[in-house]
Structures are given as structure tokens and as C-alpha cells.
Amino acid sequence: MPVRGSDESVVINVESLASSLKGKLKNASIYMPSSYCIFKTPSILFRHSENSFRPNSFSIGPIHHGKETLVATERIKIKYLNDLLSRVLKNSLPETMSAKEKEIEEQKILTVWIKSVRLIEKEASACYAGHDFAAELHDEFVNMMVLDGCFIIELFLKDAEGRKEGDDPIFSMSCMLQFLHHDLILLENQVPWLVLETLFEQTKLPSETNLIELTLRFFETVFTSNPPDPKKILAICSGQDKKHILDLLRLSQVLPSKEINNNRKSEWQPILSVTRLREAGVKFVKVSPDSILDIKFRDGSLEIPSLLIQETTETILRNLIAYEQCLPNCPPIFTCYAKLLDNLIDTTNDIDILCKKEIYDNWLSPEDATQFFNKLYNDTYVKEFYYSTLCDDLNKHCRRWWAKWRAWYVHTFTTPWAVVAQIYAVIMFFLTFWQTYLKK
């Protein structure tokens with residue numbers, strides 16, 4: 001029906017508008033499938049540290065596949081696929097086999113691997129949020145899963161065995177292994193654990209170890225210089241549902257944690273920095289639990305597990321935080337950990353105190369490490385704070401009259417000139433006392 005104004009006439013086709021809105025209503029569902037576990041990093045998090053979310057050299061999975069800067073390393077992945085084929089062939093067939101027979105057998109083995117992944121193709125594709133890569137890429141998706149999965153398995157096997165061939169760029173070029181430790185922990189650069197597990201079962205030998213243990217050994221220093229025994233973590237993680245490598249690394253810290261499970265959960269509350277806590281009489285003690293998350297306060301001491309601060313530390317923590325923020329109903333445990341560290345580390349002096357106590361092993365400059373902790377949890381949200389009990393106990397300690405007086409005294413009278421003035425006052429007091437009483 002026409003609607004007329006005083007100056008102009010506008011005709012609105014109501015039936016067409018209603019039909020258009022009705023069409024949109026058919027696609028109005030905001031349901032997120034529970035299978036989603038690999039996400040594009042939200043732009044609000046990506047903008048804070050873009051390099052922490054971008055692969056350096058290797059694309060794993062479909063999200064970054066085909067990007068110009070990552071194409072060169074596809075040849076390395078193909079070489080590793082061939083090495084894995086040779087490994088399986090060597091241990092299953094006689095060495096007297098001719099080159100032609102070997103080629104035929106390799107083709108058979110590769111066909112079995114492809115068929116095994118094709119059986120889980122839809123399930124694997126359902127892990128990627130917002131895309132159905134199986135439908136979009138067809139056979140290319142299956143080939144990609146096989147190539148990337150076999151590359152990762154052979155990489156872990158070579159690393160565990162110490163097999164470092166002279167012509168292998170990953171082990172002969174010092175930067176390549178560092179690139180892989182970065183690229184394999186990115187949220188966007190994952191393949192489903194189901195794919196890795198399926199291929200590993202097809203390729204493993206009777207003497208070979210568990211895939212979980214291989215993965216944990218490859219990343220054993222991603223969190224700390226003093227990692228727990230992978231077999232101990234393996235026993236805890238084995239019965240758990242694992243979604244991909246990043247999820248396994250998260251589980252390897254969350255599941256063994258005693259403090260996370262025991263702490264009361266409530267709203268976040270701030271605490272003082274390391275420097276201010278030390279002024280209030282808090283001592284800092286290095287401990288070696290099975291999880292870096294197990295920070296506790298007891299008997300006036302803040303017990304902090306060792307943390308290795310290196311090039312990949314920001315990468316792993318930011319991607320774990322992004323993962324927790326994206327995955328529905330995921331407890332934001334690493335996000336809470338980041339909030340706690342941001343409170344504790346305010347200046348380079350805080351980093352220096354923890355490094356002198358050998359709690360933190362810092363391979364970066366104090367300035368870079370401090371800046372990274374101060375911005376780590378920006379634009380994140382937590383409904384429940386997993387360190388509430390710890391923060392309550394610290395704040396209660398700092399509110400005691402003795403702790404408040406000590407903090408005021410240390411903060412006010414420990415500068416060089418203040419110390420000189422105090423020494424001078426003590427000397428003058430004794431001189432006055434001597435002249436007044438002792439000379440009589």
C-alpha cells in the first residue's frame with residue numbers, strides 16, 4: 001500500500017517485505033553444533049597480537065591452506081608422508097622386494113589410509129566452525145587431512161627417536177623446529193584429533209608408543225623447563241575426549257591441577273603486584289607440581305610453579321584463551337590464569353623478583369615479558385574466576401595491621417637516601433644518649 005508524505009511519495013511493497021523477512025526467519029537459528037572445536041580467532045582478540053595467531057611456515061588443516069607464504073613447506077610435508085610410508089613398509093614387508101613391488105605396496109598402504117580418513121570425513125569436517133570443508137573442497141579435504149596428519153605423526157616419531165637426517169630442513173635448520181612449535185599450537189591451524197588417531201592406528205608399529213605421549217614429548221617445554229613425566233600426564237589424559245593438539249595441551253595442565261578443582265569460584269577480584277606483596281611480607285617460593293596452574297598461598301608464602309617465558313609462551317597462552325572464549329561451555333581456566341598473572345606482574349621489577357627466585361625462566365627482555373603479561377587477557381570475559389580463594393587469602397593477609405605497616409615502611413624508607421637518614425638518626429640518638437647520660 002502507498003504511504004504519502006507532505007513532500008514526496010514512497011511506495012512500500014508490504015507483501016514483498018514480509019516475504020523477505022519470512023525467508024530470513026528460516027535461517028534464523030543461532031544453534032552452534034557441539035562438534036565445533038576449531039575456530040577462526042575472533043577479530044577482537046586477533047588485533048592484540050596478530051603474529052600469535054598466524055602460522056609462520058606450515059599450514060595445517062584447511063583454514064590457511066594454499067596461502068602464498070605457506071606453499072613452500074608443502075614439499076616438506078610430502079617428504080614426511082613418503083618417510084612414513086617407508087617406515088611402515090620396512091617393518092611389514094621383506095627387504096628383498098623390488099622397486100616396482102615396493103611402489104605397488106606403497107600405493108596399497110596409501111589407499112588404506114585415504115579410505116580410513118574418508119570414513120570419518122564428515123565427522124572431521126564438522127569440527128570446523130562456520131564451514132563444511134568436506135562439501136566445499138571434496139576430495140581435496142581428505143587428501144589434506146591425510147597429508148597433514150601423516151606429516152605430524154612422522155614429525156613426532158622422528159623427534160622421539162632422535163632421527164635427524166642431514167638433508168631434513170626441519171632438524172637441520174634451527175628456525176624450522178621453532179616455527180613448528182609455533183604453528184602446531186594455533187587455534188586456526190589444527191586437524192581434528194580423530195584424524196590423527198585414525199592415521200596413527202593405521203601406521204603404528206607394535207613397539208611404538210602412544211600418540212598422546214609422543215605429542216606431549218614434542219611439546220614438553222612449551223610451558224616449563226621442568227615438565228612432569230609424560231607417562232604420568234598420559235595416565236590422566238588417556239580417558240578424556242581430545243579434540244586436537246591445542247586441546248590436549250590444555251588438558252595436560254587442567255586435569256592434573258589440584259588448586260583449580262579445589263578453589264571456590266566467584267567474581268574476579270584484583271590483588272597486589274609481586275613488588276607490593278613482597279613489601280607486605282609475602283614470600284615467593286618455586287614449586288614443581290604437575291600443572292603450571294597450581295598457584296597457592298599458605299603460611300605467608302605464595303607458591304608459584306615454574307614458567308618458561310620464551311617466544312612461544314605468548315602464542316600458546318593467547319591461543320588457549322581464544323579457544324576457551326570460543327568453545328561453548330568451556331571453563332575459562334587459562335583466561336583466569338592470565339588475569340592472575342597480569343595482577344602479579346605490573347612492572348619489570350616484578351619479573352626480576354620472580355626470575356631471581358628462579359620461579360620464572362625468562363628468555364625475553366624484562367620489558368617484553370612485562371608488556372606481554374599486561375595485555376594478555378584484554379577483551380576477554382569470565383563468568384567464574386578460578387582463583388577466588390587464592391585472591392581472598394592474599395588480600396586478607398595484606399589487610400592485617402602488621403602487613404600494612406611493613407608495606408608502608410618498606411615502600412617509604414628503603415630508598416638509598418631514606419636508609420642514610422635512618423642511619424644518621426640512629427647515630428645521633430646514641431650520641432645524644434651518650435652525652436646526656438653516660439658522661440654524667
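The values are calculated or read from the model by the stated rules, or taken from the named source; none is laboratory data. Note that the structure is a prediction, hence the values are computed from the model and not measured. Because the Cβ atoms are built from the backbone with ideal geometry, glycine has one as well, and the counts that use them run over all protein chains shown. To get the accessible areas, we keep the full protein, side chains included, count just its heavy atoms, and leave off ligands, DNA and RNA. Shrake-Rupley method; radii C 1.70, N 1.55, O 1.52, S 1.80 Å.
In terms of the Cα gyration tensor, with a ≥ b ≥ c the square roots of its eigenvalues, is the stretch 276-332 rounded because a/c is under 1.5, prolate because a/b exceeds b/c, or oblate? Cα axes put the stretch 276-332 in the prolate bin.
The Cβ shell under 12 Å around LYS79 holds other residues with a net charge of -3, Lys and Arg each +1, Asp and Glu each -1. Spin-label model, SER266 to ASP361: label points 7 Å out along the Cα-to-beta-carbon direction sit 3.8 nm apart. For LYS357, a cut-off of 14 angstrom between C-alpha atoms picks up these aspartates and glutamates, skipping any fewer than 8 places away in its own chain: GLU303. Decide, for the stretch 306-396, between rounded, prolate and oblate: order the square roots of the alpha carbon gyration tensor eigenvalues as a ≥ b ≥ c, take rounded if a/c falls under 1.5, and otherwise choose prolate if a/b is larger than b/c, else oblate. Here the stretch 306-396 falls in the oblate category. Between ASN378 and SER288, the modelled label-to-label distance comes to 3.7 nm, taking each label 7 Å out from Cα in the direction of the beta carbon. For LYS383, the aspartates and glutamates whose Cα falls under 17 Å of its own Cα, not counting residues fewer than eight places away in the same chain, are GLU267, GLU324.
Once the convex hull of all Cα atoms in the stretch 189-347 is built, its volume per residue stands at 135 Å³.
Working from label points 7 Å from Cα in the Cα-to-Cβ sense, the ASP393 to GLU311 distance is 3.8 nm.
Computed extension gain for GLU105 through MET32, at 0.36 nm per residue and net of the alpha carbon distance, reaches 22.0 nm.
The stretch 169-185 and the stretch 344-399 have their alpha-carbon centroids 29 Å apart. Once the chain from ASN329 to GLN240 is taken as fully extended at 0.36 nm per residue, the excess over their C-alpha distance is 30.4 nm.
Atom-type composition of the exposed protein surface of the stretch 91-225 places 53 percent of the accessible area on carbon and sulfur (1.4 angstrom probe).
Per residue, the stretch 265-321 exposes 37 Å² of solvent-accessible protein surface, assessed with a 1.4 angstrom probe and all protein chains in place. Straight-line reach from LYS375: taking Cα to Cα under 12 Å and skipping same-chain neighbours fewer than 8 places apart, the aspartates and glutamates in range are GLU314, ASP342, ASP346. In this structure, the residue pairs whose Cα-Cα separation is over 22 Å, taken from LYS108/LYS158; LYS296/LYS396; LYS158/LYS231; LYS204/LYS243, are LYS108/LYS158.
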